[in-house]
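Notes for the one structure printed next.
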Amino acid sequence: MIVYLLLILGLVIFLALVFGPLESLGWWRAKGGDELPEAARQLLARPASGEKPPYEQYVVYLSGIGAIDPTSIPPEELPLTDELRKRLPTWCIARDVFPYSVDNNGLTAQRLFAGLWRRVEKLRLKNPESALGMLVNARNAIQLFVCADRRYGPTYNIGTAREIMRSLQRNGYQLGSGVPVTLIGWSGGAQIAIGACGYLGMFDIPLRVISLGGMFADDPGMDRIEHLTHLRGSNDPLERLGWILFAGRWPGAVGSPWSRAKAEGRVDVITLGPMQHNGKEHYFDAEAFAPDGRNYLQVSIDAIHAVLTGEPVEVIEDRQE
Amino acid sequence: MGGIAEFIESVGRALWGVWTLDAENARWLADDPNASWVAVTIAVLAGASTLLGNSVVLFLNRVRGVRFALSLLFNGLGFVVLYAVQALIIAVVGYLVTGQRLDVGMSAWAVLLATAPLVFGFFELIPYLGPGIARLLQAWGLIALWVIVEVLYQVGHWTALLIVGVGWGAMQLVSWLLARPLASLGQAVWRLVTGLPTMVTAQDLLSGHMFTPVEFDLGLTERPETR
């Protein structure tokens, strides 16, 4: 009986993995392949307007794999962008891009399983630790691997790059203005950010990426990034898994985009403190406190703010040393 | 009816034997009157499984109808040429190492049988991990070929390893020597068949991975200057 259950579970996981890329490939086949190359060519051919954008700098926040749609991200993440908006009032802090869909189509929007996702969303609102809520994480984690895949990634990344570009333009960004854009990617959002940079970099935008506990591959998009700051927790098993799972980030991976970026001094890896990925004492935990009195959420916000403004990052000192 | 059941049983037993690297099984199969058909069936299953992944990408990449069928045919022919070259190399290297003249048909049998791990080729569809799984399957196939060559030439482990190792090295050399002409040929045929530009390399052709789902790259293949 147990063997059959395991076989069924294995089959379900396999099918979920195999069907994972179909959304972005299907979108590319249906319309993306027609619309995007032309739109990209038009944008590339358009002369710079010479106008200054209304904001000093632009930041786009890409949520972790718990996000359901552009407006429904886990509530614990909201204070990060809210606080950044307070501290940087002349900057645009956007969080309207759903990173796990090529066309910003949230899980509860027009989809085959929208009903299921709406139910999961309701359950998760009642109980954030609901086991069914993990379905969202599993679905989005598969999209992370689609994004990181060299075969499926191009179609996925061009879609998310377009949605990020749309978000920037909705907020008045002017191509050719040279105004810097920073993508903040939490967890799987870091991979989506780096992947999208491969295409965003075509438009002469100064790009930076801040990864918070990010799981990301040695994506070719790294070649288009001016600087990547990877903020990690020393007790974060998923972040650590990223170093193991993605071979291009192994120490001997000569010639990988990651190794190249490191060799060129375009990568900073900063250990914030003993943060975990989920559960308790995670990056957004307002109940866990550092010895200096700040809670972990504040530590994360301070660190991201410091990276954005070019100040030194204040980390939690390791008492065991 | 009984004949078909027996044949299916032989294919199943051969598959299991290759997967488990069982030399006894290879000995049994070498004496089976249906050995050639069993090997061909396994190779067809392996090819179909590998094609499954590639063809989904191909279909979704807006290659349809006659072009789709032609692309599959092109890929299938690619497999046949690949295995024929590999069989020839094993026969030549085997002769040079052992002095035994091996029928090219037997060499082809060994190569086709060793494709049994590629029956799991559909796993290549899995995002990110797929290409790694494909490499593992190829390595598994190479080890299977080692076991089969050992039985076929009736030589020890190390001599068989030498034949397979030199054969593998020769395939790499062929790949290096024919890299440019093969890539040009592959791209020309691909363009003819699909009407799309391609990023197929000679290595892709030689490893049986013919398709890359990219219709355009907007210059992304060129590494930009880092600001």
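Here the helices (runs of 4 or more DSSP H) wholly within the range B:122-226 that include at least 2 residues being at pLDDT 55 or above are B:129-153, B:157-177, B:179-194. Can you tell me which residue in the range A:237-253 is modelled with the lowest pLDDT, limited to those that are open to solvent by less than 60 Å² (accessible area, probe 1.4 Å) and not in a helix (DSSP H, G or I)? By that ranking, first place goes to A:ALA253.
Do you know which of the residues in the range B:97-110 that are among the hydrophobic types (A, V, I, L, M, F, W, C) and within 20 Å of B:PRO33 (Cβ to Cβ) is surrounded by the most Cβ atoms within 10 Å (Cβ to Cβ)? It comes out as B:ALA110.
When you look at B:GLY105, is it modelled with pLDDT of 80 or more and out of contact with any Gly (no Cβ under 8 Å at 6 or more places or on another chain), yes or no? Here the answer is yes, as B:GLY105 does meet what is asked. Would you check if A:THR160 is under 24 Å from B:PRO131 (Cβ atoms), assigned to a helix (DSSP H, G or I) and either small (Gly, Ala, Ser) or in contact with a strand residue (DSSP E or B) (Cβ under 9 Å, 6 or more places away or on another chain) (or both)? So A:THR160 passes the test. For the condition part of a helix (DSSP H, G or I), away from chain A (no Cβ under 14 Å) and closer than 30 Å to A:GLU23 by Cα, B:PHE79 qualifies. Count of the range A:40-98 residues, restricted to those that are modelled with pLDDT of 85 or more and either among the small types (Gly, Ala, Ser) or part of a strand (DSSP E or B) (or both), is 10. Selection over the range A:51-102 of residues that are surrounded by fewer than 18 Cβ atoms within 10 Å (Cβ to Cβ), in contact (Cβ under 8 Å) with a residue 60 or more places away in the chain and among the acidic types (Asp, Glu) gives a count of 4. Taking the numbered list (1) within 14 Å of chain B (Cβ to nearest Cβ); (2) of a type in the set (Lys, Arg); (3) surrounded by fewer than 23 Cβ atoms within 10 Å (Cβ to Cβ) in turn, A:ARG224 passes all entries but (3). Here A:ALA131 clears all of (1) under 23 Å from A:HIS305 (Cα atoms); (2) aliphatic (A, V, I, L, M); (3) open to solvent by 50 Å² or more (accessible area, probe 1.4 Å) except the condition numbered (1).
Please work out which residue is farthest from A:ARG232 (Cα to Cα), limiting yourself to the range A:254-284 and to residues that are part of a helix (DSSP H, G or I) and small (Gly, Ala, Ser).
Taking the candidates together, the pick is A:ALA263.
The set of residues in the range A:22-54 that are within 9 Å of chain B (Cβ to nearest Cβ) and in contact with an Asp or Glu (Cβ under 7 Å, 6 or more places away or on another chain) contains only A:GLY33.
Cβ-Cβ distances below 9 Å connect the following pairs, each with a first residue in the range A:285-300 that is part of a strand (DSSP E or B), a second residue that is among the hydroxyl-bearing types (Ser, Thr, Tyr) and at pLDDT 95 or above, and a separation of six or more residues or different chains: A:PHE289/A:TYR296.
Given (1) assigned to a helix (DSSP H, G or I); (2) closer than 15 Å to A:LEU62 by Cβ; (3) within 14 Å of chain B (Cβ to nearest Cβ), where does A:ALA190 come up short, assuming only one miss? The failed condition is (3). Is it the case that B:TRP19 is surrounded by fewer than 19 Cβ atoms within 10 Å (Cβ to Cβ), away from every other protein chain (no Cβ under 14 Å), at pLDDT 90 or above and under 19 Å from the mean Cα position of the chain (by Cα)? Yes: the conditions hold for B:TRP19.
In the range B:127-151, the residues that are without any contact (Cβ under 8 Å) to a residue 12 or more places away in the chain form Cβ pairs under 6 Å with partners that are outside any helix (DSSP H, G or I), at six or more places apart or across chains, as follows: B:PRO127/A:GLY20; B:PRO127/A:PRO21; B:PRO127/A:ASP149; B:PRO127/A:TYR152; B:TYR128/A:ASP149.
Whether a residue is without any contact (Cβ under 8 Å) to a residue 12 or more places away in the chain, within 14 Å of chain B (Cβ to nearest Cβ) and open to solvent by less than 90 Å² (accessible area, probe 1.4 Å) was assessed, and A:PHE14 passes this test. Checking each residue in the range A:208-220 for being buried (at least 24 other Cβ atoms within 10 Å of the Cβ) and closer than 14 Å to A:VAL60 by Cβ picks out A:VAL209, A:ILE210, A:SER211, A:LEU212. Filtered by the rule that a residue be buried (at least 17 other Cβ atoms within 10 Å of the Cβ), out of contact with any Lys or Arg (no Cβ under 9 Å at 6 or more places or on another chain) and either over 22 Å from A:ALA148 (Cβ atoms) or touching a residue at least 60 places away in the same chain (Cβ under 8 Å) (or both), the range A:258-276 gives A:GLY273, A:PRO274, A:GLN276.
So, in the range A:115-171, of the ones that are small (Gly, Ala, Ser) and in contact (Cβ under 8 Å) with a residue 24 or more places away in the chain, which residue ends up nearest to the other protein chains (Cβ to nearest Cβ)? Step by step, filter the range A:115-171, then rank; the result is A:ALA148.
Any residue that is open to solvent by 30 Å² or more (accessible area, probe 1.4 Å) and within 12 Å of chain B (Cβ to nearest Cβ) - is there at least one of those in the range A:4-11? Yes, some residue in the range A:4-11 is open to solvent by 30 Å² or more (accessible area, probe 1.4 Å) and within 12 Å of chain B (Cβ to nearest Cβ). Filtered by the rule that a residue be in contact with a helix residue (DSSP H, G or I) (Cβ under 7 Å, 6 or more places away or on another chain) and of a type in the set (Val, Ile, Thr), the range A:60-114 gives A:VAL60, A:ILE65, A:ILE68, A:ILE93, A:VAL97, A:VAL102, A:THR108.
The values are calculated or read from the model by the stated rules, or taken from the named source; none is laboratory data. Nothing here was measured: the structure is a model prediction, and the numbers come from that model. As a convention, Cβ positions derive from the backbone with ideal geometry for all residues, glycine included, and neighbour counts pool all protein chains shown. Only protein heavy atoms, including side chains, enter the accessible area calculation; ligands, DNA and RNA are left aside. Shrake-Rupley method; radii C 1.70, N 1.55, O 1.52, S 1.80 Å.
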